[in-house]
1. Cut-off 16 Å, label point 7 angstrom out along Cα-to-Cβ of Ala60: give me the residues of region 19-47 whose amide nitrogen falls inside.
2. Among Ala39, Ala96, Ala48, whose mean-square fluctuation peaks in a Gaussian network model of the chain (Cα, cutoff 10 Å)?
3. Check the straight Cα-Cα distances from Lys64 and name the aspartates and glutamates below 18 Å, setting aside those fewer than 8 residues away within the same chain.
4. Taking a 1.4 Å probe, which of Glu88, Glu6, Glu43 shows the most accessible area, and what order do the others take after it?
5. If you place +1 on the Cβ of every Lys and Arg and -1 on the Cβ of every Asp and Glu, how big does the dipole about the Cα centre of the chain come out, in debye to the nearest 20?
6. Under a cut-off of 19 Å between alpha-carbon atoms, report the lysines in cross-link reach of Lys42, not counting same-chain residues fewer than 8 places apart.
7. How far, in nm, would the chain grow between Asp74 and Glu43 when pulled straight, counting 0.36 nm per residue and subtracting the alpha carbon separation?
Amino acid sequence: QVQLVESGGGLVQDGGSLRLSCSASGRFSSYAMAWFRQAPGKERETVAIINWSGDGTFYADFAKGRFTISRDNDKSLMNLQMNSLKPEDTAVYYCAAGSTYSYGASRYDFWGQGTQVTVSS
């Protein structure tokens, strides 16, 4: 098992940047990792995924070119660097861990509590 705690959320202006972190305890390097988000009244959506070693990543179309997912297995840490933020990026962001490197949320077994990101216009 793995326990996940997100941090780094907050309020930022349109065009600004934030760096989210996901700190893990447990067998972090054994899991594929992902970031998801959920805005009020909307379904949860995948933001980005990263494989066990960190050399495989995949992004949602809205994240390509603006967001970067990374991980440090030695530190049991995953990050999401978010640049050029837009008001429509406002959501609760969740990190998740799973045994399968997959885009679908159903493949992820362990979830953090979420961190709020608010982008003001």
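1. Counting only backbone N, you get 20, 34-47.
2. Among Ala39, Ala96, Ala48, the largest mean-square fluctuation in the Gaussian network model of the chain belongs to Ala39.
3. Asp14, Glu45, Asp55, Glu88, Asp89
4. On the way: Glu88 120, Glu6 10, Glu43 155 Å².
Reading off the accessible areas and sorting them downward yields Glu43, Glu88, Glu6.
5. Computed charge dipole of the chain: roughly 60 debye.
6. Answer for Lys42, where 19 Å is the Cα cut-off: Lys86, listed by chain and number.
7. That pair, Asp74 and Glu43, stretches by 7.8 nm at full extension.
The values are calculated or read from the model by the stated rules, or taken from the named source; none is laboratory data. Being a predicted model, the structure only gives us computed values, none of them experimental. Every residue, glycine as well, gets a Cβ built from its backbone with ideal geometry; the counts of neighbours run over all protein chains shown. What goes into the accessible areas is simple: the full protein's heavy atoms, side chains included, and nothing from ligands, DNA or RNA. Shrake-Rupley method; radii C 1.70, N 1.55, O 1.52, S 1.80 Å.
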